[in-house]
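Student: Would you mind keeping the following structure in view while I ask a few things?
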Amino acid sequence: MKLDIDLVNRDPNSINDHVKVAFEDVLAEPDGGHSFSCVWKGAYCCFCTCKRFYYNLMAIIVGLPLAMAWGIMYSLVNFYQVWIITPCMRIYIINCGCCQKFYSACIQCYMQPIFEAVSYCFSNIRVTSLTG
């Protein structure tokens, strides 16, 4: 079990770049309509504080049980890949090898002589063109 996790860079593979939302991505005042500086700073503080607080609250209430559920789900995927899918695929590949040998033997024993005989029948046909 890996316990040395990076608490600074929590998305090292950038799988959640699409949900990076900052105050500037949501609220913006155009050049002809600025509110008072204290309102803008207050809105910034409210936005950032509420976003952080409710994210952490949801992470505690929902995130921990979901982490457990996802851990169980991925353990099940890992389990059936190791103990069911891979052995079944191995059996299938082994049987395909046997079927391939059987099919090849049938073609060589039954079909190849017939095709060779038919090809000998047509081997002396010559096509010439008549020009008028």
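Student: If you roll a 1.4 angstrom probe over the protein chains with everything in place, what fraction of the accessible area of region 76-132 belongs to carbon and sulfur, to the nearest %?
Tutor: That share works out to 69 percent.
Student: For region 57-63, what does the Karplus curve 6.51 cos²θ - 1.76 cosθ + 1.60, with θ = phi - 60°, yield as ³J(HN,Hα) per residue in whole Hz, taken in order and with x for Gly and Pro?
Tutor: Values per residue, Gly and Pro as x: 4, 5, 5, 6, 6, 10, x Hz.
Student: Provide the per-residue ³J(HN,Hα) series for region 11-28, in order, calculated from phi with Karplus coefficients 6.51, -1.76, 1.60 and θ = phi - 60°, each as a whole number of Hz, with x at glycine and proline positions.
Tutor: Calculated HN-Hα couplings, in order: 9, x, 9, 6, 7, 10, 4, 6, 10, 6, 10, 10, 3, 5, 7, 10, 10, 7 Hz.
Student: Let me know the number of lysine pairs in the chain closer than 27 Å at the Cα, not counting same-chain pairs under 8 apart.
Tutor: 4
Student: Using every Cα-Cα pair within region 1-89, state what percent have a distance larger than 14 Å.
Tutor: More than 14 Å apart: 81 percent of the Cα pairs in region 1-89.
Student: Mind checking which of TYR44, ILE60, GLY33 is farthest towards the positive end of region 1-61's charge dipole, using Cβ charges of +1 (Lys, Arg) and -1 (Asp, Glu) about the Cα centre?
Tutor: So the residue we want is ILE60.
Student: Between region 57-132 and region 10-52, how far is it from one alpha carbon centroid to the other, in angstrom?
Tutor: Using only Cα atoms to place each centre, the spacing works out to 53 Å.
Student: Treat region 17-68 as a sphere of radius equal to its Kirkwood radius over Cα pairs and apply Stokes-Einstein at 25 °C in a medium of 0.890 mPa s; give the translational diffusion coefficient in µm²/s, rounded to a whole number.
Tutor: 187
Student: Report the charge-dipole magnitude of the chain in Debye, nearest 20, computed about the Cα centre from +1 at each Lys and Arg Cβ and -1 at each Asp and Glu Cβ.
Tutor: 540
The values are calculated or read from the model by the stated rules, or taken from the named source; none is laboratory data. Predicted, not measured: the structure shown is a model, and the values here were computed from it. We place every Cβ from the backbone using ideal geometry, glycine too, and count neighbours over all the protein chains shown. Remember, those area values only see protein heavy atoms, side chains included, never the ligands or the DNA or RNA. Shrake-Rupley method; radii C 1.70, N 1.55, O 1.52, S 1.80 Å.
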